[in-house]
1. Please give the residues of segment B:83-111, grouped as numeric ranges, whose backbone N is less than 17 Å from a label point set 7 Å along the Cα-to-Cβ vector of B:E77.
2. In segment B:314-329, which residues have a backbone nitrogen under 18 Å from the label point lying 7 Å from B:N291's Cα in the Cα-to-Cβ direction?
3. Any idea how far the Cα center of segment B:109-134 sits from the one of segment A:12-83, in Å?
4. Name the shape class, rounded, prolate or oblate, that the alpha-carbon gyration tensor gives for chain A, where a ≥ b ≥ c are the square roots of its eigenvalues, rounded holds for a/c under 1.5, and otherwise prolate holds if a/b is larger than b/c and oblate otherwise.
5. Suppose R0 equals 51 Å; then what is the FRET efficiency for A:E275 and B:N26 from their Cβ-Cβ distance, rounded to the nearest 0.05?
6. Let's test the formula: R0 of 41 Å, r as the Cβ-Cβ distance of A:K267 and B:I7. What FRET efficiency results, to the nearest 0.05?
7. What is the distance in Å between the Cα centres of segment B:51-105 and segment A:143-215?
8. Return the loop-located GluC sites (Glu not before Pro) in segment A:264-316 (DSSP other than H, G, I, E, B) with at most 10 other Cβ atoms within 10 Å of their own Cβ; answer none if there are none.
Amino acid sequence: MTYENKVIDVKNLKTYFRGYDGMIKAVDGISFFLKKGEVLSLVGESGCGKSVTVNTIMGLIKSPPATVSGEIIYNGKNLVGLKQNEFKNIRGNKISMIFQEPMSSFDPLYTIGQQINEIVKTHITSNNEESKKLIIHALKNVNIPEPEKRYNEYPHEMSGGMLQRILIAMALITNPDIIIADEPTTALDVTIQAQVLKLMKELQKQYNSSIIFITHDLGIVSEIADRVHVMYAGKIIEKASVQEIFDHPLHPYTQGLLNSRVKKEYKGRDLPFIEGYVPKPNEFPNGCRFNPRCPFKKEICTSEEPKESLINEEHSVCCWLYKEGENNENS
Amino acid sequence: MKILEAISLKKYFPIRSGVFLQVCGNVKALEKADIKIEQGQTIGVVGESGCGKSTLGKLLLKLYDPTDGKIIYTDKENNSYDITSRISKTVASKFRRDVQMIFQNPFDSLDPRMNIYDIIKEPIAANGMYKNKREMNNYIASLLTGVGLYPEYASRYPHEFSGGQRQRIAIARAMAVMPRLIVCDEPTSALDVSVQSQIINLLKHIQQENRMSLIFISHNLDVVHHMSDRIIVMYLGNIVESCASEELFNNPLHPYTKTLMSCIPAWNPKEKKLGKTITEGEPPSPINPPNGCPFHPRCQLKMIECEKVKPLPHECGDGHSVACHLYKK
């Protein structure tokens, strides 16, 4: 992988919070990169650190009190430890974010137009005429009917799906290099979810931007992602292309996740499931963090943490069951 | 044996405004629903948010009073009562014991100031099931083991448990009075995927052991299909289709059901199917539902008739009923 192709390069990122009962290692040494024009999906259950990861990239984690270490290389610059006023040129301009709950992402006291105008004013133009034209064009782009009317309306006058599309328009208006989408469809209904995903796919092709897409739903991953990183308890445990993840999942946790989909064939039988619960972030087990729930547990799993081993060009996994370069054993 | 039967059940929530709080409109949450629940049967209710599925569940539990229609409750001795109007204390206590509920969010449905023992004890004590304290303790311990928790957990408080464990406690609480019907209002939607299957398996096991009936409300078609014998599809307060769950998946009739099915992600990166199906628009507001068929503004197979006449549910053989003009003879 050549350096120019990487839009963002995260190396050994750690985000710790100090809690009442010890250090909370929300993100514990993860490395990944994002290529130009691809959709990278971070998958994991709640509490695995996927939201903290992207919030750290966006510079939304205040440090101190939190401790952030490692490197986030964007455009040859390290974003870790960057001053807030330097961050202003990047956040919302070069890297923008779509949040989970569209209903609570807007300020109820300002109109849609005013809120988008804030971004346009900071990053593009302070000419009001020009910015209004730009905003209405952006709203049209995400299929909002009657954008001129919507411009002067308040968030409560719109439905969740419409607000999410406005949020997407807001994220795209500065033509960013990277869009971070933090569970953008979780709060929406299935029919609206399908619309939003379709829109995101189209716009991504049109703008050729790179997306980090966070979700817990592997079904959505199969629809939108190019590459998938599976997270568990603050670590990335498996990295692969989307086809590889669905065809040959290697880590027992990934296999468990894929199996716990409710399929039609299971009717009348028990569903397969993963034993136990996700560990709390202040009491992660020693060794591999998945070991208390793992059906293939060995002695080494409880004592030593597995390193990332490359199975093939587009697939790597952190598990003691696999050795570098081979693709064998259980399935 | 029947447990509950609802006959053209209707619920409007009045909107009041002005100084004198005059009624200026209605949220039409549920329109003329007919449901019959037999012993041991599971009925699934699917639909998007705001379609009235939770309202239906709460009406059946008599947490809301219906605007119109009847709910007939049949007790163990096969006596039937109409419970829509005021009911006598004896009937009420029987009904409350027979019908229980599991709520969506286990983080809200358990009192944070009560320990697990007290939470489970409350319905048992209210129904006067055990006078002897030791018997009660043993019963609560057996309930906890029944839902896969250790009896020692009884002295802990809800905040010490994860979401999946809390939902298990909620199930134990609902099971405590040995009900004949449990209404589950999205019991797994607040849980992680790996824990969801555990809870579904547990519900299924408990149901089979006790020959209980379930009303399973969810927006997830796959989960509803797995749980239920019969499925009811709702849209904007109307039941648009109802039939056996196999039949619904093999032969969906209503255009809305077909839309719902096509919106389930494929789980296969080779056949990305979401881009192919187009569902324009969003559900209209239940305050001002469209004339005629409620789905017609989004329906691709719209006819002139759909805008004027509201289709009524009618049988198309095999207990498959659908409310759509397309299937009228």
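None of the figures in this text is laboratory data; all of them are computed from the coordinates on show. Small disclaimer: the values here were computed from a predicted structure and weren't measured. Positions of Cβ are generated from backbone atoms using ideal geometry, with glycine treated the same way; all protein chains shown enter the neighbour counts.
1. In segment B:83-111, the label zone of B:E77 (backbone N under 17 Å from the point 7 Å along Cα→Cβ) covers B:88-98.
2. B:325
3. If you average the Cα positions of each part, the centres end up 44 Å apart.
4. It is prolate, given that a/c is not under 1.5 and a/b is the larger ratio.
5. Using R0 = 51 Å, I get an efficiency of 0.55.
6. It comes to 0.85.
7. Each part's Cα centre sits 42 Å from the other's.
8. The qualifying sites are A:E283, A:E313.
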